[in-house]
Amino acid sequence: MGILNVTPDSFSDGGKYGDPEHAQRRAFELVEAGADVLDIGGESTRPGAERLSVEEELGRVLPVLESVRGRLPVPISIDTTKAAVAREALNAGAALINDISGLRFDPEMASVAAEFDVPVIVMHLRGTPKTMQKNPQYKNLMGEILNELAESRARAQQAGISPEKIIVDPGIGFGKQWFHNYQILGELAALKMLESPILIGPSRKSFLGKILNSSPDERLEGTLVASTIGILNGAHLIRVHDVKEARRAARIADMFAGKFRSQ
């Protein structure tokens, strides 16, 4: 999954693709690099971020969606927590919803996904982007993540979303202390109990910088190692900025995850 943030303030690439023309060019670059899904987001979810209005978010994502509609060979995901944004994005050509709140922030989100009969990614998050990094605490990290994702999964099914269209994400970097993220990657297989595809998003995040002492754009190697560990422990999708490099790493990891089956 290739990341396309059309925001001025995302932690890694904020401000780079706010112009629809630049965003369109980047969309084609990500697909050419090997993205199987393109994830477009108009609201930053970095730690401390403020929420946007529906109008502001739509003003960022709709021009991009309309500019690439019907021109990309891969599905587009809309990264939003707002049902109204999801609805308009789906009408404009998006094919799945990526909701970092696990369908909690907007009570209508699950109904929109069910109405359009599209896959939905439900992520684990403690608090909100504005508050999530204010000393998050867990007594049983993976047990609590598992239980809360199970609640999101149940919420989706109660709204009429087919079980096979639910994807779970443990929320690396969202309401976690830096060392929690390494534990999540190491114990990711616990999420197999949910019987849903697993997505991880380690790309360029601060838990890597904590060890590497590097800025976001210097965390490629860390991202590739983290993605590989995730794949070996059960991840089905990796959400990344650097698609070409991550796809290469994933091909090698897949050989080990598949126990050396011929490809």
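The values are calculated or read from the model by the stated rules, or taken from the named source; none is laboratory data. From a predicted model like this one, the values you see are computed outputs, not experimental measurements. Counting neighbours? That spans all protein chains shown, and the Cβs are built from the backbone with ideal geometry, glycine included. Accessible surface areas use protein heavy atoms only, side chains included; no ligands, DNA or RNA. Shrake-Rupley method; radii C 1.70, N 1.55, O 1.52, S 1.80 Å.
The table below gives the values:
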| read-out | value |
| --- | --- |
| Kirkwood hydrodynamic radius over Cα pairs of the stretch 99-168, then Stokes diffusion coefficient at 37 °C and 0.692 mPa s, in µm²/s | 261 |
| Solvent exposure ordering (accessible area, 1.4 Å, most first) of I76, I211 | I211, I76 |
| Per residue accessible area of the chain, 1.4 Å probe, in Å² | 46 |
| Extension gain (nm, one decimal) between W178 and L72, 0.36 nm per residue minus Cα-Cα | 34.6 nm |
| Carbon/sulfur fraction of accessible area - the stretch 1-100, other protein chains in place, 1.4 Å, % | 47 |
| Binned Cα-Cα distances of the stretch 108-263, short to long, each 5 Å bin given as a whole percent | 2, 9, 17, 19, 20, 16, 11, 5, 1, 0 |
| Helix-only mean residue ellipticity at 222 nm for the chain, each DSSP H run of n ≥ 4 adding -39500 (n - 2.57), per residue, nearest 500 | -12500 deg cm²/dmol |
| Difference of contour (0.36 nm per residue) and Cα-Cα distance, E108 to A189 | 26.1 nm |
| Compactness of the chain as Cα Rg over 2.2 N^0.38 Å, two decimals | 0.94 |
| Environment charge at L220 (Cβ cut-off 11 Å; Lys +1, Arg +1, Asp -1, Glu -1) | -2 |
| Accessible surface of the stretch 107-263, 1.4 Å probe, proportion on carbon and sulfur as whole % | 52 |
| Listed residue pairs exceeding 27 Å between alpha carbons, taken from K134/K205; K134/K210; K134/K165; K139/K165; K130/K165; K130/K210 | K134/K165; K139/K165; K130/K165 |
| Cβ crowding within 10 Å averaged over residues, with 44-56, 80-92 ranked highest first | 80-92, 44-56 |
